[in-house]
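J.: Attaching a single structure in structure tokens format; questions to follow.
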Amino acid sequence: MSLNVENLVRSAVVLVVGLPITLGAATSAFRDTTTADSAAASNLKAQLVEVCLDYAVSKADSKLERNAQDEIDRKLGADGADYKALCNWVL
């Protein structure tokens, strides 16, 4: 088996040119996804700040707490969220 220098050089050129292009495209796609997720999280936090403040300062089993929980459920579109953990994340 003999080594062909032309094949080795050709493979090295393909690697040197192709690898940065491939890594750049993969990094760009990951960055776009991360940016979209981060924007969605920031938007959700902005919508819940006032409601979570109401929840945080309310007494247990009070009307203010119940109203805050109902508003959180409406904004999330779900019932029975972990209000304390959610508001800790928001605030």
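The values are calculated or read from the model by the stated rules, or taken from the named source; none is laboratory data. Every value quoted in this text rests on a predicted model; they were computed, and no experiment measured them. Positions of Cβ are backbone-derived with ideal geometry, glycine not excepted, and every protein chain shown enters the neighbour counts.
J.: When you go through (1) surrounded by fewer than 10 Cβ atoms within 10 Å (Cβ to Cβ); (2) at pLDDT below 75; (3) assigned to a helix (DSSP H, G or I) one by one for residue 6, which number turns out not to apply?
T.: (2)
J.: One residue is enough: does segment 55-66 have a residue meeting the conditions outside any loop (DSSP other than H, G, I, E, B), under 21 Å from residue 38 (Cα atoms) and free of Cβ contacts under 8 Å to residues at least 40 places away in the same chain? Don't jump to the end; show me each part of the working.
T.: Here is the first cut: in segment 55-66, the residues outside any loop (DSSP other than H, G, I, E, B) are 55-57, 63-66.
Add one more test, that the residue is under 21 Å from residue 38 (Cα atoms), and what stays is none.
For segment 55-66, residues outside any loop (DSSP other than H, G, I, E, B), under 21 Å from residue 38 (Cα atoms) and free of Cβ contacts under 8 Å to residues at least 40 places away in the same chain: absent.
J.: In addition: Find all pairs meeting these conditions: Cβ atoms under 8 angstrom apart; at least six residues apart or on different chains; first residue within segment 73-85 and farther than 17 Å from residue 40 by Cα; second residue of a type in the set (Gly, Ala, Ser) and exposed (fewer than 13 other Cβ atoms within 10 Å of the Cβ).
T.: Filtered contacts from segment 73-85: 73/80.
J.: A further question follows. Look at segment 71-91 and say how many of its residues are under 14 Å from residue 50 (Cβ atoms) and exposed (fewer than 14 other Cβ atoms within 10 Å of the Cβ).
T.: Counting residues in segment 71-91 that are under 14 Å from residue 50 (Cβ atoms) and exposed (fewer than 14 other Cβ atoms within 10 Å of the Cβ) gives 3.
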